[in-house]
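Beneath this line is the structure, given in structure tokens, with notes to follow.
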Amino acid sequence: MDSNSLFYSLELVAGSGNTLNIEQRTALQTSLVILKKNYKFHRVLFWGKILGLKEDYFIAQGRGEDEMKDKKTLYSFNCMDWMLLAPATDSVIEEVSKTAKGRFVGDPSYVYEHVEIHRPGGRDDAIQEEEEVVTKVNEESRLAVTVHRIDEEASVVPRGAYLKSPHGLVQINRSFGGLSHSEAGKLDNFLHFSKAKNLKKKSILEMGDLNPAIDFLDVLSDDIPKGSWSLQLECASRVLVLRSLLWPGLTFFHLPTTPQHGHIYIGDGRKNLDLPFML
Amino acid sequence: MESTDGNDAKSEQRLKSAAALKSFMLKSSTESKLNLYDHLSRVLLKVMDEHPDNAVDVIEDVSREVKRSTLRDLPQTTAAELLAEQQRLLFSRPEEADQEEELEMQRVFLALKQLVESQGLPRCRLWGKILGTESSYIVAEAEYREGEEEEENTEEAAEDEERDVEKEMNPLPQSAYRPPPTVPKEALGTGANKFAFYVCKEPGLPWVKLPSVSPAQITGARQIRKFFTGTLDTPIVSYPPFPGNEANYLRAQIARISAGTQVSPQGFYQAGEEEGDEEDETPRDSFEVNPDFEGVPVAEMAESLSTWVHHVQHILQQGRCTWVNLAVKPGDDSNEEGEGEEKEEEPDEPEPEMSSVLTSQHALAVLRSNLWPGAYSYASGKKFENIYVGWGLKYSGEGFSQAVPPLPQKEYPSGPEITEALDPSVEEEQVLKEALEEQQAPRKRWMTQTTRRRRMTTERT
């Protein structure tokens, strides 16, 4: 969520059970402003918190010119000193998904190991060479990959909040007035804020209703399995809260008829793969 | 004189008829709740204010506009407003307008007060909040009133009677299968049923009491992993089938979470001294607040876990807090059960790992459970509290694997005594008969020879 609106947005997502105490909030407000100036971000968001066994990571994200591509992620332990996280490449993602299991420990230099034994087959008589392939991954890369995956799969924006210019630049829509009460009740009006994968599969009839400047992202209701998002009205039905069941801990809030929206992740950074059993 | 009297009479009559017309105009219409008098006065006021050109031509439009604007006073009540109306009852004292932006917690506290007053509970505290896919539950934990008894389900008894009647009329072959005896529920006020739980969806809505939990439901809840939907009567579709609907599942999870995560600083509670001969095996059920407790310094509490203790009994594998011996027949069975009893007294669930976090310089120690994510406890001096806000699910480690249905039962082993064989045909029987006759044939021939000799001798003489 945007650092400008941090102080009241946190109360709106507190219904999920996680919030920051006053000390952390005040520290964040000061340090995020400093961060914005130092890195020359257009906007700084407080992305969330990943809980570990010994320590928790606070994650912030800065946005540049293009909201989708110019993203930089930083982490901190005390909301004051921020360290930059390297962006996650495909090879790192693969390594991390093989090795890192269980909860986050809380120490960025902790190393996860995974040992694979390759036995080149085909030779029964000759000596079988056993190659031990050890993949090592440290927690910092696991953190970067987790943030990247959550952004890919679970970041939500309301329809109309972002515009795509004909050059491909994604920017905030300054004249977004918010979804109306009836629109906010439908999952169709919420989009994933990541590169669209399902858009090409839509038929021309469906595309006819859509506006290419606004609808360049995937709709939430196309997610598989169906029912992996929980839409609720909270705080005496004033705030719309979307919770992801695939990444438990991700909460998106929106106040209908106002342009206020944002999402935050507070959880232990593990995907809920048991979801099909649980619905 | 006559003219003035006449004038007075006429004016009186005119006044009377004017009053009559006015009361007629003041009658509100049955359909639109407007009355002609108010409407005309408003129209004329509008004409006075606006001075439209060609007023007489546009007077109908003016009248229509005035009507439309008065009708708009009936607001479209949104869901938010309806809920706000209900929650307004919580605020019994007249509140100022800007205090309506109170946080959710304030409303929850007022709702709890309402619960205590309406149900007459001795003590009540907020247990926490369980999130669901469609809506969430706010859970309150309360002590039972004295003398409260379990309500018997009369519906179930009626069904049993019907079934018995049918059986008497058409006696079907009874199967020899006796299902394993069900573990009895714990009595109200003890063990897993120590507290009563009330849930509501939003503060201000009526509280619903959850039924007491049975051991079968706890063991069932241990084997399945499901999200809550937010409505108490949804059926739980799962394997192994859960005995009950969402209200029972919710109550079972609440019992498990309480047993696993309710902690207090060491020394806060001491064992009740009412029981005379306390055996070491029976777990202590009652505890009282230790009056001598002085409060452990916060730094100590945050550093090590040994200063925190569980003050709620663990739930055994059987599903209860106290072991129940199910053996009815004497002899071998009781010996086996006796051995089992000694083993099972250890708490079944592993000690939850907790991470303590010192949150601020103003000395508050917070404990966060890793086994039940969402369970928090805090302590500061003499005060402490437990709360749970989460999805109601246990940390599952590597992943949840569903229970596999049992293998299909094997058929009776086939042997000669039950294998079918074809009945012999008529030709085969004939062949067999002839074979048997041939075996007996030499005897028959011998017999005929002797009879021939006898005949011959008789013929000679």
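The values are calculated or read from the model by the stated rules, or taken from the named source; none is laboratory data. Quantities reported herein were computed from a predicted structural model and do not represent experimental measurements. We place every Cβ from the backbone using ideal geometry, glycine too, and count neighbours over all the protein chains shown. Just so you know, the surface numbers come from the protein's heavy atoms only, side chains and all, with ligands and any DNA or RNA stripped out. Shrake-Rupley method; radii C 1.70, N 1.55, O 1.52, S 1.80 Å.
For this structure, a couple of remarks:
- GNM top mover of A:K98, A:K36, A:K54 - chain A, alpha-carbon springs below 10 Å: A:K54
- Here the gap between A:K54 and A:E113, fully extended at 0.36 nm per residue and compared with their Cα-Cα distance, gives a gain of 19.3 nm.
- Remark: mean inter-chain Cβ contacts per residue of A:53-66 equal 1, using a 10 Å Cβ-Cβ cutoff to other protein chain atoms.
- Karplus 3J(HN,Hα) series, Hz, for region A:272-278 with 6.51 cos²θ - 1.76 cosθ + 1.60 (x for Gly, Pro): 8, 7, 7, 3, x, 6, 9
- Computed from the C-beta positions of B:L26 and B:V116 and an R0 of 35 Å, the FRET efficiency is 0.10 to the nearest 0.05.
- Computed over protein heavy atoms with a 1.4 angstrom probe, the accessible surface ordering of A:E234, B:E143, largest first, is B:E143, A:E234.
- The amide H of A:G48, built 1.01 Å from its N in the peptide plane, has A:I59, A:Y265 as neighbours under 5 Å, considering only residues 5 or more places off or on other chains.
- Angle in degrees between helix A:139-154 and the longest Cα principal axis of chain A, rounded to the nearest 10: 40
- Close amide H pairs (under 5 Å, H built 1.01 Å from N) link B:G132 with B:Y137, residues at least 5 positions away or on another chain.
- Pairs of Cα atoms nearer than 8 Å and 6+ residues apart set the relative contact order; for region A:1-98 it is 20 percent.
- Between A:D2 and B:Y239, the modelled labels are 5.1 nm apart [label points 7 Å from Cα along Cα→Cβ].
- Buried surface for the A/B pair, taken as the accessible area of each chain alone minus that of the pair with a 1.4 Å probe, is close to 2800 Å² in total.
- Gyration tensor verdict on region B:12-57 (Cα atoms; rounded if a/c is under 1.5, prolate if a/b is larger than b/c, oblate otherwise): oblate
- Take every pair of alpha-carbon atoms less than 8 Å apart whose residues are at least six positions apart; their mean separation over the length of region B:207-249 yields a relative contact order of 46 percent.
- Rounded FRET efficiency, nearest 0.05, which uses the C-beta distance separating A:I214 from A:K98 and R0 of 25 Å: 0.05
- Chain A: relative contact order in percent, alpha carbon pairs under 8 Å with at least 6 residues between: 17
- Helix A:90-99 and the longest principal axis of the Cα set of chain A meet at an angle near 70°.
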